[in-house]
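Note sheet for the following structure.
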Amino acid sequence: MTQRIVVLISGSGSNLQTLIDHSQKGDLHGNIVGVISNKADAFGLVRAQNASIPSLVLDHKTFASREDFDLALIEHIDSFKPDLVVLAGFMRILSAEFVRRYQGHLMNIHPSLLPRYKGLNTHQRALDAGDAEHGCSVHFVTEELDGGPIIIQAKTPILMEDDSASLQARVHTLEHKIYPLAVSWFCSGRLRVTDDGVMLDDNCLPSSGFELKA
Ligand code: GRF
């Protein structure tokens with residue numbers, strides 16, 4: 001059965017676009033049934049409209065607390081009856097209640113090789129540390145910020161001439177490869193999280209997830 005996916009965004013939505021493209025090609029094993037943004041000017045909303053996907057804005061600034069916003073968010077998400085909730089550049093810290101509501105059905109993409117560089121400014125931090133490589137990770141979301149079990153990573157070498165912008169551009173390209181893959185694994189029933197870790201086709205993945213080779 002085709003899985004129902006809700007995508008949460010705050011900005012450009014290039015990862016959303018990749019998921020839309022794969023869904024339209026039929027290789028996501030899922031349909032994006034709703035897009036929710038906490039920012040009214042997020043370009044991802046235009047991408048959703050262009051693809052005739054229902055979308056809505058829920059502005060966190062109009063709520064008294066994080067918990068109130070998250071409760072409203074849960075209501076809107078649940079109205080789409082999703083099997084999977086995908087965070088694609090959704091720039092909000094989620095409450096414990098929200099995370100528990102979708103545990104095992106909630107994914108995020110992060111622009112670093114987790115567990116390195118949780119939080120913001122990941123590209124500059126990798127450069128400042130003199131790392132030889134950088135990359136991105138898709139993970140199941142838990143209550144620990146950027147700390148949930150990792151599904152898949154892709155790496156790129158850091159070059160002498162790299163700056164934060166060039167590194168970000170390369171990592172973004174990798175994000176567009178690993179997110180559709182992770183979502184398609186989930187939607188085709190190949191991926192799940194257990195107490196032992198992330199299982200892909202009944203094999204337990206290493207703690208760094210599956211590594212997508214260039
Ligand atoms: C990506 O770099 C993602 O890793 C991070 O937010 C950014 C979203 O980019 N969580 P986009 O809106 O999908 O283009």
**Report entry** Total residues in region 89-104, condition without any contact (Cβ under 8 Å) to a residue 60 or more places away in the chain, open to solvent by less than 50 Å² (accessible area, probe 1.4 Å) and not polar (S, T, N, Q)
**Finding:** 5
Query raised in the report: What tally of residues in region 175-194 results from selecting those that are of a type in the set (G, A, S) and open to solvent by less than 50 Å² (accessible area, probe 1.4 Å)?
Result: 2
Report summary line: Expected single match for open to solvent by 60 Å² or more (accessible area, probe 1.4 Å), within 26 Å of R92 (Cα to Cα) and either at pLDDT 95 or above or hydrophobic (A, V, I, L, M, F, W, C) (or both) among H172, H139 is H172
Query - All positions within region 124-136 that are in a strand (DSSP E or B) and surrounded by fewer than 22 Cβ atoms within 10 Å (Cβ to Cβ) - result: E133
Query raised in the report: In region 196-212, is there at least one residue being β-branched (V, I, T), open to solvent by 20 Å² or more (accessible area, probe 1.4 Å) and more than 15 Å from the ligand (Cβ to nearest atom)?
Result: no
Query - Failed condition for L120, given (1) in a helix (DSSP H, G or I); (2) open to solvent by 70 Å² or more (accessible area, probe 1.4 Å); (3) within 14 Å of the ligand (Cβ to nearest atom) - result: (1)
Requested in this report: Run down G30, G34, G26 and say which single residue is away from the ligand (no atom under 13 Å from the Cβ) and surrounded by fewer than 19 Cβ atoms within 10 Å (Cβ to Cβ).
Outcome: G26
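The values are calculated or read from the model by the stated rules, or taken from the named source; none is laboratory data. All values reported here derive from a predicted model rather than from experimental measurement. Neighbour counts run over all protein chains shown; Cβ positions are idealised from the backbone, glycine included. The protein model used for the area step is the full one, side chains on, heavy atoms only, and it has no ligands, DNA or RNA in it. Shrake-Rupley method; radii C 1.70, N 1.55, O 1.52, S 1.80 Å.
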